[in-house]
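Coordinate-derived values only; no laboratory data. Bear in mind that the values here come from a model prediction, so they are computed numbers and not experimental data. Here Cβ is always computed from backbone atoms with ideal geometry, including for glycine, and neighbour counts include all displayed protein chains.
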Amino acid sequence: MEAKKRIEELTNIINQANYEYYTLSNPTLTDQEFDKYIRELENLENEYPEYASPNSPTKRVGGEVIDKFKKIRHRIPMLSLPDVFNEEEIRAFDERIRKSGFHPEYVCELKIDGLSGSFHYEEGNLITGATRGDGVVGEDITHNVKTIRTIPLSLKDKIDIEVRGEIFMGRETLAVLNKEREEKKLPLLQNCRNAAAGSIRQLDSKIAAERKLDTWIYHLPNPEDYGIKTHYEALKFMEQLGFKVNPNNRLVKNIDEILKFIEEYQEKRPYLSYDIDGVVIKVNDLEMQSELGYTAKHPRWAIAYKFPAEEVLTKLTDIIFTVGRTGRITPNAVLEPVIVMGSTIKRATLHNEDYVIEKDLKIGDIVSIRKAGDVIPEVVEAKKERRVGKELEFQMIQNCPICGSILEKKVGQVDHYCMNHLCPARHIEGLIHFCERKAMNIDGLGEKIMEDFFNLGFIKSIPDIYHLETHKKDLQELEGYGKKSIENLLNAIEESKKNSLERLLFGLGIEGIGDKTALVLAKKYKTLDALALQSEEELRKMKDIGSILAKNIHDFFEHVDNIALINNLKDLGMNMNYLGPEEKYNENISGKRFVVTGTISFMSREEIEATIENYGGNASGSVSSKTNVVIVGEKPGSKVDKAKELGIEIWDEAKWSTIYNSLNDNPKQE
Ligand code: IVH
């Protein structure tokens, strides 16, 4: 009993010291005192493992190793914000809100350049930490989150709560880490965001712990549960619970104050200890936020102003050509390495011959390079006044740089193509595409490894991927490939056979079929065989398929090599059926446009909207002549008046309740 009590006591002392040191930057213990308490706690936990908590502060140093990331479905989707790039767009945002009849106050926050995370607590204890993922399903990173010192392992109040914020790496931490890596001859981490993202995706939490990640918390998904009325209050509330909330957040009254905040932080940006890439502007009043609502991707009550892209000068030392999986030839700028927005740029795409001619680029030119956030770097222009007369004219090639065959330019298109189906470059690009995340999603078979395996002769075709198992021993002996990593790779390959049809369909690389079209086709035809049997006319009838796509799909399934490939994959046990959810049908909902306003007692607005979308309806935030139904709960906004004015059908809570209760799993009738 004594031990249990002392463990609790030590946990509290250490958690408090951690909070004071890391979150408040106000240490109260010396390092020696802190270490002494940690050692005492570790010893007690070893002696009495039955009293050791999974959330013990001794876990901060890591040690937990997982074999793969579990998926976590977010109870409320994690949305991103619409980007705006200038004053005009900020004014338009404000005007749109005012037009809806509001007089908003805003909260301006720094847009932290890291990755967003969600942190769940039950009875005050940290239960899970998750990445954003695709916004609906993220990855379970709890083991690594426990190593982030500014994330409390237990809260001052023993409540259930989810908070969200940015996980990031400070600039100084990155500098120290890169210095160590340089000494060990390891590749350097390019910027704070990449470093944070890479660190949080470690299976071994010891590595994440060494990376010294940090957080700024900025979002409370369920403020109503705590009686909170404004976003600013929510920030204060989270701060009081022990989270690290950015002290630069500012409540502002009007657009001028927003612009002042932006200007101020554009100037302060270089002196901050962490990277920011803009300013987030949020409507402060939560009722107003909920009235404004959401689009499928974004809230309508917030925007992210992105700082202008940084431009730097460098030398264009060469233009080289690459061959894509469709045979398309791309000219690429080879640049004298230069750092833009924290990452080193050595290459930039020049798209096609016309693009280079239009920009009048010559080899040897001094060019300006621009990069904004995630955007691929681009060559803005050649500095013609810096020319010395020795620059070389750009010459488009006439033969494929890999196989030498004559290039063709299709009528009416700007691109040149290598038409040789057996060209190794096309081939390898196709194989990389097959494995990529949105296709078969084979973790561990990225560009670099595929190139290695291709060059070593292990993979020459798609079926070879599924025969890699027979080379297991050889692969495990390759330099740079551990036993475990090959084991994981082979498992991922085997798992990929179970993918739903749309992934295979996208992976096959039929020209013009992106992941979205692949999903539409998979949902409609359910099996690859059924799709293969469709005529061009039949395919063209689909909303998303034009005549070029219909022809591409049809031609693909006519080709003997492709039929052979499909049969081969079938023999290897590849699933060829659509496995995703059926689109549900309900005559009251499907195909109609809805607006939900006010509070329905038994469901949140997000849940109602999700139900509508699930049944093939559309949920939007504003009433227009296109709206079919407005669902009206308690305390509705001005939207009801507008609906009445336009003579739109109105459902009250009782009506929605009847329809909701009548829903079952009717498959879509056609
Ligand atoms: S609010 C619904 N606030 O920027 C609320 N996001 O596209 C959504 N970010 O995914 C987020 N700093 O990763 C918010 N102060 C801040 C932020 C912030 C950085 C990131 C976040 C989000 C992206 C916006």
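A simple packing score, the average count of other Cβ atoms within 10 Å per residue, orders the peptides 106-116, 466-476, 384-394 as 106-116, 466-476, 384-394, with the highest score first.
Looking at the chain, the DSSP beta bridges with both ends there are about 85 percent antiparallel. Taking Cα centre as origin and charging only the Cβ of basic (Lys, Arg, +1) and acidic (Asp, Glu, -1) residues, the dipole magnitude of the range 159-219 rounds to 300 debye. A simple packing score, the average count of other Cβ atoms within 10 Å per residue, orders the peptides 238-244, 639-645 as 238-244, 639-645, with the highest score first. Over the range 170-264, calculate the relative contact order: mean separation of alpha carbon pairs under 8 Å at least 6 apart, over the residue count, as a percent. Relative contact order here is 19 percent.
Can you bin the range 169-285 into rounded, prolate or oblate? Criterion: square roots of the alpha carbon gyration tensor eigenvalues sorted a ≥ b ≥ c, rounded for a/c under 1.5, prolate for a/b above b/c, oblate for the rest. Because a/c hits 1.5 or more and a/b fails to exceed b/c, the range 169-285 counts as oblate. Relative to the Cα centre, the charge distribution of the chain, modelled as +1 at Lys and Arg Cβ and -1 at Asp and Glu Cβ, gives a dipole magnitude of about 560 debye.
Shown for the chain: cysteine residues without a partner Cβ closer than 4.7 Å, namely 108, 192, 435. Considering only alpha-carbon pairs that sit under 8 angstrom and 6 or more positions apart, the relative contact order computed for the chain is 9 percent. Assign one of three labels to the chain, namely rounded, prolate or oblate, based on the Cα gyration tensor with a ≥ b ≥ c the square roots of its eigenvalues; rounded applies when a/c is under 1.5, prolate when it is not and a/b is larger than b/c, and oblate otherwise. Rounded shape, in that the Cα axes give a/c under 1.5. Taking a point 7 Å out from the Cα of residue 6 in the direction of its Cβ, the residues of the range 44-78 whose backbone N falls within less than 16 Å of it are 44-53.
Contact order for the range 507-557, expressed relative to its length and based on alpha carbon pairs under 8 Å spaced 6+ residues apart, stands at 43 percent.
Peptides 503-510, 401-408 ordered by packing proxy, namely the average of other Cβ atoms within 10 Å per residue, highest first: 503-510, 401-408. Taking a ≥ b ≥ c as the square roots of the eigenvalues of the alpha carbon gyration tensor, the range 389-544 is oblate, as a/c is not under 1.5 and a/b does not beat b/c.
In this structure the amide hydrogen of residue 276, modeled in the peptide plane, comes within under 5 Å of the amide hydrogens of 113, none closer than 5 places in sequence on its chain.
Computed over the chain, the per-residue total of -39500 (n - 2.57) for DSSP H runs of n ≥ 4 gives a 222 nm mean residue ellipticity of -10500 deg cm²/dmol, rounded to 500.
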